[in-house]
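The values are calculated or read from the model by the stated rules, or taken from the named source; none is laboratory data. The model shown is predicted, which means the values in this text are computed figures rather than measured ones. Areas reflect the complete protein model, heavy atoms only, side chains present, ligands, DNA and RNA absent. Shrake-Rupley method; radii C 1.70, N 1.55, O 1.52, S 1.80 Å.
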Amino acid sequence: MAPIPGSGLAKGLAVTLRTMTKKSVTAQYPDAQPDLPPRTRGVIGLFEENCTVCMLCARECPDWCIYIDSHKETVPAATPGGRERSRNVLDRFAIDFSLCMYCGICIEVCPFDALFWSPEFEYAETDIRDLTHERDKLREWMWTVPAPPALDPGAEEPKELATARKTADKLAAQQAPPVTEPHADEQARAAERPTRPHGDSKQQTDQPTPQTDQQKPQTDQPKPGQEGRE
């Protein structure tokens, strides 16, 4: 079926008319901050404690906009007779956001979860040289990273959370006061009670106990009608 001449123009005018009848809403930025989705690619935050200076992010960056400097330190042996170890210490971690194209490769290849996306986007500068942010600024952006989405109800708990929970439970058990058994407390209380001398206990046993009406011996009383028969 051949298209009707002018149908495309009519559809376009219909869209224009629908848009004209809607109420326009202006976002009052910067007084009102926009509600961004949690996976917004704003800036990259650095969690410095997880960084091992493996240089994977700098090597995989297609723009070569990540600059890392480090030095090695010798760690003494943990046990006597053990061997000393060397570890890398981070001196500088900077990202040049004038070159960054926000591909996210550095975040994906990081094996220790030291880089995260932050929805922060207000980092404009008047000088392009000021767009190279050092690790202190990247550290501040780390606290704007949203929490990860919740797992499915049937999903397995991450190993990191299970390990952290076991460590926390072990520390709590070590810091908790020792719990004494109930029978041990009773024995301790019994040992603290003063004991009575043997003479007092003998006097108490020699004294006759008063008899109540229920404990008094009952005498044989004649039943009614026996006196007349005798």
Relative contact order of region 43-143, defined on C-alpha pairs under 8 angstrom at six or more residues apart (%)
40 percent
If you find the alpha carbon centre of region 128-157 and of region 79-104, how far apart are they in angstrom?
17 Å
Could you give the accessible area per residue of region 43-143, probe 1.4 Å, as a whole number in Å²?
62 Å²
Once ligands and nucleic acids are excluded and a 1.4 Å probe is used, how much of residue 100 is accessible, expressed in Å² to the nearest 10?
20 Å²
